[in-house]
1. Looking at the range 30-51 only, could you name the residues that are part of a strand (DSSP E or B) and under 15 Å from His7 (Cβ atoms)?
2. Inside the range 45-70, can you point out the residues that are of a type in the set (A, V, I, L, M, F, W, C) and under 23 Å from the mean Cα position of the chain (by Cα)?
3. How many residues are of a type in the set (Phe, Trp, Tyr), over 30 Å from Tyr45 (Cα atoms) and either modelled with pLDDT under 80 or out of contact with any Gly (no Cβ under 9 Å at 6 or more places or on another chain) (or both) if we restrict to the range 62-119?
4. Could you grab me the full set of residues in the range 34-89 that are farther than 23 Å from Cys103 by Cβ and not assigned by TED's automatic domain parsing to the domain that holds Gly4?
5. So which residues in the range 52-71 are assigned to a loop (DSSP other than H, G, I, E, B) and touching a helix residue (DSSP H, G or I) at 6+ places or on another chain (Cβ under 9 Å), if there are any at all?
6. Could you check how many residues of the range 1-51 are in contact with a helix residue (DSSP H, G or I) (Cβ under 6 Å, 6 or more places away or on another chain) and at pLDDT below 90?
7. Identify the single condition in (1) free of Cβ contacts under 8 Å to residues at least 60 places away in the same chain; (2) farther than 19 Å from Arg2 by Cα that Leu82 does not satisfy, given that it satisfies every other one.
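The values are calculated or read from the model by the stated rules, or taken from the named source; none is laboratory data. This is a predicted model, so every value here is computed, not measured. Neighbour counts are summed over all protein chains in view; Cβ atoms, including those assigned to glycine, are modelled from backbone coordinates with ideal geometry.
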Amino acid sequence: MRIGEAHKKLINGEGSCSVPMWMGGLPAGFCNKPSFGERPEPEYYWWNYCANEQMRSDNKYNGYVPALACKIHGGPDKKEALNLCDFCENDFGACKSDPMFGCGKGNDNIFECDTFKSN
C-alpha cells in the first residue's frame, strides 16, 4: 500500500487520514477520514518495560501514522487547525463575511465561513 497526495497534503485545508487499516491480517486500505493536519508528537512514558512498550502522554492513538491524521488517530480537530482565510480567494481586508472562529491558532482561526471561495 502506498499513500497518495490526498494523504500527504491539505487541499483547501482538508486531507485524508493516512493510517493503514488491516482486516484478518491483510491490508484493507487507509482510514481516509477527513484530516486537518499531522499528528503532533507528545511526550512518551514507559508502559511495559518487559515488552519495551511506550505510551503517549495524551493517551491518543499510539500506532503508525505516515502523514496526515484524523481526530481519532491523534490529528488536530477542524476547530483547532483550520484557517479558511489561508485557502480563500477573497481579500482578507475587504471581506464582509460572518465567520465562525475556532480555538487553535488564535483570533484568526476560522473553520466555517459563509463567503468562502476556494483559490
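1. Step one: filter the range 30-51 for residues part of a strand (DSSP E or B), giving 30, 34-35, 38, 44-48.
Matches in the range 30-51: Phe30, Pro34, Ser35, Glu38.
2. First pass over the range 45-70, keeping only residues of a type in the set (A, V, I, L, M, F, W, C): 46-47, 50-51, 55, 65, 67-70.
Correct list: Met55, Val65, Ala67, Leu68, Ala69, Cys70.
3. If we filter the range 62-119 for residues that are of a type in the set (Phe, Trp, Tyr), which is where we start, we get 64, 87, 92, 101, 111, 116.
Next, only the ones that are over 30 Å from Tyr45 (Cα atoms) stay: 87, 92, 101, 111, 116.
If we keep only those that are either modelled with pLDDT under 80 or out of contact with any Gly (no Cβ under 9 Å at 6 or more places or on another chain) (or both) too, we end up with 92, 101, 111, 116.
Residues flagged as of a type in the set (Phe, Trp, Tyr), over 30 Å from Tyr45 (Cα atoms) and either modelled with pLDDT under 80 or out of contact with any Gly (no Cβ under 9 Å at 6 or more places or on another chain) (or both) within the range 62-119 amount to 4.
4. Answer for the range 34-89, where residues must be farther than 23 Å from Cys103 by Cβ and not assigned by TED's automatic domain parsing to the domain that holds Gly4: just Glu89.
5. Looking only at the range 52-71, we keep the residues that are assigned to a loop (DSSP other than H, G, I, E, B), and these are 52, 57-67, 69-71.
Passing the criteria: Pro66, Ala67, Lys71.
6. Taking the range 1-51 as the starting set, the residues that turn out to be in contact with a helix residue (DSSP H, G or I) (Cβ under 6 Å, 6 or more places away or on another chain) are 12-13, 15-16, 18, 36-37.
This time we only want the ones that are at pLDDT below 90, so: 12-13, 36-37.
Looking only at that region, the number is 4.
7. (1)
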